[in-house]
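Before any comments, here is the structure.
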Amino acid sequence: MQVKYKKEPEYDIVIVGAGPAGATLARLLSPVYRILILDKKPIEKEISMQEMKCCGGLLSESAQKVMAEMGLNLPTDILIAPQTFALKVMDLGYPVERSYQKHYFNMDRAKFESWLIGQIPDHVEKRERRYVKEFHRCQDGVELIVKNRQTGQEERITTHMAVAADGANSIFRKKLYPRMAWPGYVALQEWYENDGGIDYYAAITDESITDFYSWLIPKGNALILGSALNLDDENLSPSERFRMLKSKLEERGLIFGKKILREGCEIIRPINNHLTTGNRKIALIGEAGGFISPSSAEGFSYAFRTARALAEAINEKGIDQFATSYARNCQNIKLNVLARNIKAIGMYQPLSRRLALKTGFGAVR
Ligand SMILES: Cc1cc2nc3c(=O)[nH]c(=O)nc-3n(C[C@H](O)[C@H](O)[C@H](O)COP(=O)(O)OP(=O)(O)OC[C@H]3O[C@@H](n4cnc5c(N)ncnc54)[C@H](O)[C@@H]3O)c2cc1C
């Protein structure tokens, strides 16, 4: 539906979502624009564990590299113990386990998000607890229908262009690209009390649980058990397979403490035709555009890179001409996703994975 307006849109750019992608874009856009960033969550103070996005909170080397390119240094109070340098690979259908050197930073995700939001300059207006329900194209741009979660009131906001930085379950992606809307995977995570007994990261594979992978991440006094579960298994639900995962790990001798939290969210595992940068009026960045690693579900580097690619396109070409330039800036990012898809074939094919485990090639002794 196209709505007609006589007056100018209120904003040049409205960014929907203040996650790593949205907050980075807001930081990098030129002050010549009237910019609003909004999020359904609180953004003026650190969010609670319950409000935090379901995440492993590991900052990979590729994300560290983009941060270095952007001149960002990570404050140490975002880090959380343990900082460990190896990832244990466990194939639940194979007896040999190996550890591989990794250079992750273990972070408190809520603090990381607050810090990224804190980098947004004052010329960007922020509104928190605003849920974007719907959007329409209008004559000079886009109209957003937004629910204020504090007052329950609905407001209409007009903008020359909108940026969908609203993550895997993006309402923009669903409406604009219905064929590539369904994420295909659900991530479940449970947090348990941990007295330090499990102090390593683990990547766990088992084809009867998921065709992707599961993980263990110690986080302060807690331990996260997570799994990215495919939704096309007709026999067992994701919850049943998650329970099976925990039982199999207990059979291997792992002891889980008292459960603190259970959380879940959609997760995209893209192949290249799932990636999209949007159109002339609505740009998609981060996971909303499908940008996340299909081999590891690492997403911060893609959120940063797509946000930077869009900021450069807008700052250089303007809000009417950015689209082609943004799509071009994302070519290398798309190639990177393709390379990760190829890597995933070796990682998730039991024969090649077990051969690697058997030989110990590249493993920590
Ligand atoms: C279980 C799990 C573990 C992960 N672990 C890691 C990891 O360890 N390391 C890593 O690099 N990546 C990890 N990822 C991927 C990473 O979390 C994402 O790729 C990254 O957060 C994407 O950033 P984003 O800004 O695009 O989206 P998001 O982080 O999802 O942010 C979207 C924002 O939009 C807001 N929003 C959504 N819809 C609306 C709406 N309608 N109206 C208003 N606001 C809205 C949300 O509140 C949120 O703040 C993990 C993902 C999952 C699911």
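The values are calculated or read from the model by the stated rules, or taken from the named source; none is laboratory data. Since the structure is predicted, the reported quantities are computational estimates derived from the model, not experimental observations. Please note: Cβ atoms are built from the backbone with ideal geometry, for glycine as well, and neighbour counts cover all protein chains shown.
Annotations
- Whichever residue in the stretch 159-197 is within 10 Å of the ligand (Cβ to nearest atom) and among the aromatic types (F, W, Y) and, among such residues, is modelled with the lowest pLDDT: Y185
- Test set (1) surrounded by fewer than 17 Cβ atoms within 10 Å (Cβ to Cβ); (2) outside any helix (DSSP H, G or I) - M161 fails condition number: (1)
- Residues being more than 16 Å from the ligand (Cβ to nearest atom) and touching a helix residue (DSSP H, G or I) at 6+ places or on another chain (Cβ under 8 Å) - total across the stretch 74-88: 2
- Filtered residues of the stretch 9-23 (kept if buried (at least 24 other Cβ atoms within 10 Å of the Cβ) and touching a Ser or Thr at 6+ places or on another chain (Cβ under 9 Å)): I13, V14, V16, G17, A21
- Selected residue [hydroxyl-bearing (S, T, Y), in a strand (DSSP E or B) and either closer than 23 Å to M347 by Cβ or more than 18 Å from the chain's Cα centre (by Cα) (or both)] from S247, S208, S214: S214
- When residues in the stretch 98-122 are screened for being over 26 Å from R365 (Cα atoms) and within 15 Å of the ligand (Cβ to nearest atom), 14 of them pass.
- Taking the stretch 263-352 as the region of interest, the helices (runs of 4 or more DSSP H) fully inside it that hold 2 or more residues being within 14 Å of the ligand (Cβ to nearest atom), surrounded by 15 or more Cβ atoms within 10 Å (Cβ to Cβ) and hydrophobic (A, V, I, L, M, F, W, C) are 300-317, 331-348.
- For the stretch 1-44, a residue qualifies if it is among the β-branched types (V, I, T) and modelled with pLDDT under 95, and the qualifying residues are V3, I43.
- Taking first residues from the stretch 116-145 that are surrounded by fewer than 15 Cβ atoms within 10 Å (Cβ to Cβ) and partners that are at pLDDT 95 or above and assigned to a helix (DSSP H, G or I), the Cβ contacts under 6 Å between residues at least 6 apart in sequence or on separate chains come to Q119/R27.
- Lone qualifier among E234, E240 - being at pLDDT below 95 and either over 21 Å from the mean Cα position of the chain (by Cα) or more than 16 Å from the ligand (Cβ to nearest atom) (or both): E234
- Selection of the stretch 56-68 for residues being surrounded by 11 or more Cβ atoms within 10 Å (Cβ to Cβ) and more than 10 Å from the ligand (Cβ to nearest atom) yields E61, Q64, K65, V66, M67.
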